[in-house]
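Take a look at the structure set out below.
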Amino acid sequence: MQLLFFPVALAAFPLMAEPGPPAFPPAPVAGSDEALMLAYARGDAHAFETLYGRHKGGVYRYFVRSLREPGLADELFQDVWASLVKARATYTVEAKFSTWLYRLAHNRLIDHYRRAQLVQFVPVEGAEEEGEPLDWPASEAPGPEVQVASRQAAAQLKKLVEALPPAQREAFLLQAEGGLSLEAIAEATGTGRETVKSRLRYAFDKLRAGMKDHL
């Protein structure tokens, strides 16, 4: 009886069976950017509206502060969303949606520089020193008595960002506007993680030096 009961018990309690490999990639969390993009791929126009509302500001500022030409930034901004629409049918979750989106933006920016026959935008891998990125100090919420000073500081920061070398400026904007991690910036731009760290370190060093009178 025991020999007959043992396999029956296994069938009755499948949890005792050897577990299989975990699913990969994991299913997107409901309401996440990835889930919304998959819903849009299935024809849900509202999902696109939600994605656009979440990311339009960051993507637009990325182009405006990279190019410093609002008209051209508008054109590239529209191109990125048009590319997203075209790619919806083949979209798969292989990275965070924001990484995928800013990779489209980065590629469109590179295409512009190449077509304009400008100097090479991305320097040689590893050309900059390695170093940990420095955290931008958080400022306290300004009261009425410091609003003028805050506006002056914002104008100074904008000027300093525009003066950064293109690769450093892009890394800073991808982190500040896109909220991308080091790994996500590396993936979006096709560069190494250490190179991204170096670019951010140089960018923050220059911004901190230029903002010393406002900190």
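Output yes when any residue across the range 38-49 is touching a helix residue (DSSP H, G or I) at 6+ places or on another chain (Cβ under 7 Å), exposed (fewer than 15 other Cβ atoms within 10 Å of the Cβ) and at pLDDT below 95, and no when none is. Within the range 38-49, none of the residues are touching a helix residue (DSSP H, G or I) at 6+ places or on another chain (Cβ under 7 Å), exposed (fewer than 15 other Cβ atoms within 10 Å of the Cβ) and at pLDDT below 95.
Determine whether the range 40-58 contains at least one residue that is over 30 Å from Lys158 (Cβ atoms) and in contact with a His (Cβ under 9 Å, 6 or more places away or on another chain).
Taking the range 40-58 as the starting set, the residues that turn out to be over 30 Å from Lys158 (Cβ atoms) are 40-48.
Adding the requirement that they be in contact with a His (Cβ under 9 Å, 6 or more places away or on another chain) leaves 40.
Checked the range 40-58: at least one residue is over 30 Å from Lys158 (Cβ atoms) and in contact with a His (Cβ under 9 Å, 6 or more places away or on another chain).
Checking each residue of the range 59-66 against the condition of being under 18 Å from Glu187 (Cα atoms), in contact (Cβ under 8 Å) with a residue 12 or more places away in the chain, assigned to a helix (DSSP H, G or I) and of a type outside the set (D, E, K, R) gives at least one match.
With Ala95, Ala105, Ala154, Ala141 as the choices, which residue is surrounded by 11 or more Cβ atoms within 10 Å (Cβ to Cβ) and modelled with pLDDT under 85?
Details: Ala95 fails: modelled with pLDDT under 85; Ala105 fails: modelled with pLDDT under 85; Ala141 fails: surrounded by 11 or more Cβ atoms within 10 Å (Cβ to Cβ).
Result: Ala154 is the single residue among Ala95, Ala105, Ala154, Ala141 that is surrounded by 11 or more Cβ atoms within 10 Å (Cβ to Cβ) and modelled with pLDDT under 85.
On inspection, Ala176 passes the criterion of being under 18 Å from Leu101 (Cα atoms) and surrounded by fewer than 20 Cβ atoms within 10 Å (Cβ to Cβ). Between Trp136, Trp100, the distinction of being modelled with pLDDT under 50, surrounded by 15 or more Cβ atoms within 10 Å (Cβ to Cβ) and not assigned by TED's automatic domain parsing to the domain that holds Gly179 belongs to Trp136 only.
The values are calculated or read from the model by the stated rules, or taken from the named source; none is laboratory data. Computed from a predicted structure; not experimentally measured. Here Cβ is always computed from backbone atoms with ideal geometry, including for glycine, and neighbour counts include all displayed protein chains.
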